[in-house]
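Participant: Below you'll find the structure I mean.
The values are calculated or read from the model by the stated rules, or taken from the named source; none is laboratory data. A quick note: this is a predicted structure, and the numbers were derived from the prediction, not measured. Ideal geometry is used to build each Cβ from the backbone, glycine not excepted, and the neighbour counts take in all protein chains shown.
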Amino acid sequence: MSDEMPRRLLANRGFSISYKGKTLLSLRDPIAHSEKAAAAAHHTGRTLYFCPSPLFGYGLSLVLAGASMDSALLCVEADENLMDFSMKEMDKSILDDPRVRFVRTRDPLTLASYVRKEWGSRSFRRVEVLRLGGGWQLYPEVYDELIDVLRRNIALDWGNAATLLTLGRRYARNLIRNLALIGQALPLPCFGHYPVLVLGAGPSLDGILDRLKDTPQTNRPFKIIAVDTAVRALNDRNLAPDLVVALETQHYNLRSFIGSRLWLIPLAMDLSAASATREMLGALHLFFTPWTKLRLFERLEKALILPPSLPPLGSVGLSAVALARHLTRGTIITGGLDFSYSPDTTHAKSSPANLERLRTHNRFGGLLSTHTLKRGVFCLSSKTGTTVYSDSGLIKYRDIFEEEYRHDKNIRDLETQGLPLGIPLISITEGLKLLEEGPPQPPPLQIDPPLPEAAGSKDLSIKTAAFISGELELLRSLKQKLSGEGYSKQTQPGKEQDLDKLLDECDYLWAHFPECAGREGLRPGIEDLSFLKRVRIEIEPFMELFEQTLLQITNNK
């Protein structure tokens with residue numbers, strides 16, 4: 001009974017703790033033991049120090065004394081009783097330090113969300129673990145998972161920064177071009193309570209489609225959402241999906257539609273996707289994935305022309321699942337989202353990647369791919385226990401999938417040759433049976449309004465044209481500030497604030513700059529002449545793009 005609550009034990013120097021039959025700190029000199037572990041910490045900038053179960057907080061003052069001001073200390077306690085004990089016993093000067101946060105949680109996603117909310121994304125470059133006592137040994141697996149998810153999230157944030165550096169300008173330019181499509185697009189369809197099959201283009205797709213090819217195409221009791229790279233594989237089996245999802249901002253995905261007869265299939269396209277994608281399929285639906293924080297997005301939302309938003313997950317397969325969650329209340333079953341490959345194929349048979357492999361085959365190289373021999377490729381176990389290959393990029397997307405969807409009890413994954421996704425598995429036979437059951441009977445009360453034919457296109461076009469006119473005015477004002485006489489007067493009282501405000505409002509001009517891509521909304525000051533010159537160079541191309549989009553909207557009217 002005495003070990004049901006933490007008890008303080010007198011040591012030769014300081015105190016120890018007895019709890020759950022264990023002594024959590026040394027009885028000889030717990031302070032020296034903790035300080036020795038703290039002294040081994042690496043004091044590099046932008047480090048998140050993770051201290052599991054800090055107990056009395058011995059050694060934390062030493063860590064804070066050596067840590068830079070852009071670093072932080074995150075103390076995490078998984079046990080409620082130990083949390084209450086630490087809050088009472090820990091030195092108040094540690095808890096009052098602005099760099100310190102103390103939370104109690106066992107959920108990795110909750111902790112990752114907390115860190116992003118408190119410090120923002122890309123505030124830290126690394127996570128350093130401080131095991132200053134023995135409290136973490138009560139829940140070692142919990143703390144290991146928390147640490148792993150934090151490290152993966154930081155790596156993901158910096159990977160996103162690298163993507164923004166490379167493609168940020170293209171994202172913004174595609175978005176501006178696609179503003180002309182807002183008035184033409186229909187609202188996203190609603191699938192009610194229909195079960196939905198979400199299909200990726202992994203090697204396992206072929207086996208799934210072979211089981212689906214006898215499914216009736218009319219009055220089908222379930223819906224199919226397919227990624228763009230899976231269209232050809234569906235087409236070859238005369239299977240028509242109910243929606244195709246396109247996310248790619250470059251032109252590569254256009255190969256997915258060559259030779260396809262599924263021209264009337266509805267297309268759900270990201271607002272920052274390649275504009276030519278719109279010409280590939282039938283009815284157009286738009287959604288929006290924010291690639292970073294921009295004032296431009298806030299103005300689009302305020303103007304009531306921003307399409308429905310999906311989380312930025314980086315992969316069209318993950319976005320297709322997110323879209324399915326948005327469109328249906330029924331069961332969602334995933335297939336073909338393998339995030340792995342075999343020595344002879346990386347995608348389904350009729351996918352662009354597989355067709356390219358066959359096209360380039362010659363007598364100097366066999367059909368077996370050498371990508372499994374490259375550095376950075378891992379040999380892993382699939383959902384069925386067989387051996388598959390994957391790389392760091394695909395594993396990252398698999399990890400994102402698991403973090404995003406593992407708590408959603410409405411999603412199941414077909415048991416095929418792919419990496420486990422952290423959600424319940426279902427055999428293809430059982431999955432098809434569940435899909436063929438269709439929506440609940442009798443059907444639930446109709447709560448979704450019918451789709452209008454034109455979706456208020458005239459009203460949206462007017463709003464979009466007004467929005468573009470406002471953006472052009474902002475760019476003209478910024479151009480004047482950064483050019484000739486307007487720039488020479490910027491040092492007068494009040495001019496600095498005007499220039500700062502315009503630069504913040506036109507953040508899409510510089511968000512992809514190397515010094516800005518990893519800082520999410522932060523930029524150099526107006527005293528940085530190099531930065532101002534580069535912003536000035538960006539203005540004309542964006543003005544021209546806005547003007548072309550405005551002309552297109554006017555002509556469409």
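Participant: Residues being over 12 Å from Leu150 (Cα atoms) and part of a loop (DSSP other than H, G, I, E, B): count how many of those fall in the range 98-130.
Facilitator: 7
Participant: Every residue in the range 18-47 that is surrounded by 17 or more Cβ atoms within 10 Å (Cβ to Cβ), more than 29 Å from Ser71 (Cα to Cα) and touching a residue at least 24 places away in the same chain (Cβ under 8 Å), please.
Facilitator: Result: Tyr19, single match.
Participant: Sort through Arg237, Arg173 and tell me the only one that's touching a Phe, Trp or Tyr at 6+ places or on another chain (Cβ under 8 Å) and not hydroxyl-bearing (Ser, Thr, Tyr).
Facilitator: Arg173
Participant: Is it the case that Val76 is assigned to a strand (DSSP E or B) and either over 25 Å from Tyr139 (Cβ atoms) or of a type in the set (A, V, I, L, M, F, W, C) (or both)?
Facilitator: yes
Participant: Scanning the range 339-379 for residues that are in a loop (DSSP other than H, G, I, E, B) and aliphatic (A, V, I, L, M), which turns out modelled with the highest pLDDT?
Facilitator: Checking each candidate, the answer is Ala348.
Participant: Separate question: State whether the residues of the range 266-283 include one that is crowded, with 18+ Cβ neighbours inside 10 Å and under 22 Å from Gly422 (Cβ atoms).
Facilitator: no
Participant: Next up: Is it fair to say Gly59 is in the same structural domain as Arg116 (by TED's automatic domain parsing), surrounded by 21 or more Cβ atoms within 10 Å (Cβ to Cβ), in contact (Cβ under 8 Å) with a residue 60 or more places away in the chain and not polar (S, T, N, Q)?
Facilitator: The answer is yes for Gly59.
Participant: Next up: Answer yes or no as to whether Gly183 is farther than 13 Å from Ile333 by Cβ, crowded, with 24+ Cβ neighbours inside 10 Å and of a type in the set (Gly, Ala, Ser). Quick ask: steps written out before the conclusion?
Facilitator: Details: farther than 13 Å from Ile333 by Cβ: yes; crowded, with 24+ Cβ neighbours inside 10 Å: no; of a type in the set (Gly, Ala, Ser): yes.
When the stated conditions are applied, Gly183 does not pass them.
Participant: Just checking, how many residues over the range 284-338 are surrounded by fewer than 19 Cβ atoms within 10 Å (Cβ to Cβ), more than 21 Å from Arg398 (Cα to Cα) and at pLDDT below 90?
Facilitator: 1
Participant: Any idea which of (1) of a type in the set (Val, Ile, Thr); (2) outside any helix (DSSP H, G or I); (3) out of contact with any helix residue (DSSP H, G or I) (no Cβ under 8 Å at 6 or more places or on another chain) is the one Ile154 doesn't satisfy?
Facilitator: Of (1) of a type in the set (Val, Ile, Thr); (2) outside any helix (DSSP H, G or I); (3) out of contact with any helix residue (DSSP H, G or I) (no Cβ under 8 Å at 6 or more places or on another chain), only one is false for Ile154: (2).
Participant: If you don't mind, another one. Could you tell me whether Val196 is under 20 Å from Asn354 (Cβ atoms), of a type in the set (Val, Ile, Thr) and touching a residue at least 40 places away in the same chain (Cβ under 8 Å)?
Facilitator: When the stated conditions are applied, Val196 does not pass them.
Participant: Could I ask something else about it? With respect to Arg255, is the statement that it is of a type in the set (D, E, K, R), touching a residue at least 60 places away in the same chain (Cβ under 8 Å) and touching a strand residue (DSSP E or B) at 6+ places or on another chain (Cβ under 9 Å) true?
Facilitator: Here the answer is no, as Arg255 does not meet what is asked.
Participant: Please pick out the residue among Ser53, Ser86, Ser93, Ser71 that is polar (S, T, N, Q), within 15 Å of Gln137 (Cα to Cα) and out of contact with any Cys (no Cβ under 7 Å at 6 or more places or on another chain).
Facilitator: Step by step, each of Ser53, Ser86, Ser93, Ser71 is checked, and only Ser53 is polar (S, T, N, Q), within 15 Å of Gln137 (Cα to Cα) and out of contact with any Cys (no Cβ under 7 Å at 6 or more places or on another chain).
Participant: Being of a type outside the set (Lys, Arg), touching a Leu at 6+ places or on another chain (Cβ under 8 Å) and either in a helix (DSSP H, G or I) or more than 21 Å from Phe124 (Cα to Cα) (or both): is that true of Ala38 here? First the steps, then the outcome.
Facilitator: Numbers: of a type outside the set (Lys, Arg): yes; touching a Leu at 6+ places or on another chain (Cβ under 8 Å): yes; either in a helix (DSSP H, G or I) or more than 21 Å from Phe124 (Cα to Cα) (or both): yes.
Yes.
One line per residue, one yes/no per condition, for (1) at pLDDT below 90; (2) in the same structural domain as Ala517 (by TED's automatic domain parsing); (3) touching a Lys or Arg at 6+ places or on another chain (Cβ under 6 Å); (4) not hydrophobic (A, V, I, L, M, F, W, C):
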| site | (1), (2), (3), (4) |
| --- | --- |
| Ala11 | yes, no, no, no |
| Lys20 | yes, no, no, yes |
| Cys51 | no, no, no, no |
| Leu74 | no, no, yes, no |
| Lys117 | yes, no, no, yes |
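Participant: Quick check on my filter: what residues within the range 292-309 are without any contact (Cβ under 8 Å) to a residue 40 or more places away in the chain and more than 21 Å from Leu522 (Cβ to Cβ)? Quick ask: steps written out before the conclusion?
Facilitator: Looking only at the range 292-309, we keep the residues that are without any contact (Cβ under 8 Å) to a residue 40 or more places away in the chain, and these are 297-298, 301-302, 306, 309.
Residues satisfying the conditions are Glu301, Lys302, Leu306, Ser309.
Participant: From the list Ala240, Ala201, Ala180, Ala246, which residue is of a type in the set (Gly, Ala, Ser) and out of contact with any helix residue (DSSP H, G or I) (no Cβ under 6 Å at 6 or more places or on another chain)?
Facilitator: Details: Ala201 fails: out of contact with any helix residue (DSSP H, G or I) (no Cβ under 6 Å at 6 or more places or on another chain); Ala180 fails: out of contact with any helix residue (DSSP H, G or I) (no Cβ under 6 Å at 6 or more places or on another chain); Ala246 fails: out of contact with any helix residue (DSSP H, G or I) (no Cβ under 6 Å at 6 or more places or on another chain).
One residue alone meets the criteria, Ala240.
Participant: Then there's this: If you check Leu532 against the conditions, is it closer than 25 Å to Asn153 by Cβ, modelled with pLDDT under 95 and not polar (S, T, N, Q)?
Facilitator: Here the answer is no, as Leu532 does not meet what is asked.
Participant: Next question. Being modelled with pLDDT of 90 or more and either in contact with a strand residue (DSSP E or B) (Cβ under 8 Å, 6 or more places away or on another chain) or farther than 14 Å from Ala67 by Cβ (or both) is the filter here, so list the residues in the range 98-110 that pass it.
Facilitator: Correct list: Arg99, Val100, Arg101, Phe102, Val103, Arg104, Thr105, Arg106.
Participant: Please enumerate the residues belonging to the range 403-417 that are surrounded by 16 or more Cβ atoms within 10 Å (Cβ to Cβ) and within 22 Å of Asp148 (Cα to Cα).
Facilitator: Glu403, Glu404, Tyr405
Participant: Among the residues of the range 427-444, are any assigned to a loop (DSSP other than H, G, I, E, B), under 30 Å from Val388 (Cβ atoms), assigned by TED's automatic domain parsing to the domain that holds Asp214 and modelled with pLDDT of 90 or more?
Facilitator: yes
Participant: Just the residues that are over 23 Å from the mean Cα position of the chain (by Cα) and either of a type outside the set (Asp, Glu) or within 10 Å of Pro52 (Cα to Cα) (or both), please, taken from the range 134-153.
Facilitator: Within the range 134-153, Gly134, Gly135, Trp136, Gln137, Leu138, Tyr139, Pro140, Val142, Tyr143 meet the criteria.
Participant: Moving on. In the range 79-97, is there at least one residue being assigned to a helix (DSSP H, G or I), in contact with a Lys or Arg (Cβ under 8 Å, 6 or more places away or on another chain), buried (at least 17 other Cβ atoms within 10 Å of the Cβ) and among the aliphatic types (A, V, I, L, M)?
Facilitator: Yes, the range 79-97 has at least one match.
Participant: Out of curiosity, is Ile258 at pLDDT below 85 and of a type in the set (A, V, I, L, M)? Talk me through it step by step, then tell me what you get.
Facilitator: Numbers: at pLDDT below 85: yes; of a type in the set (A, V, I, L, M): yes.
Against the criterion (at pLDDT below 85 and of a type in the set (A, V, I, L, M)), Ile258 qualifies.
Participant: Among the residues of the range 380-394, what is the count of those that are loosely packed, with under 13 Cβ neighbours inside 10 Å, among the small types (Gly, Ala, Ser) and either touching a Cys at 6+ places or on another chain (Cβ under 9 Å) or in a strand (DSSP E or B) (or both)?
Facilitator: 1
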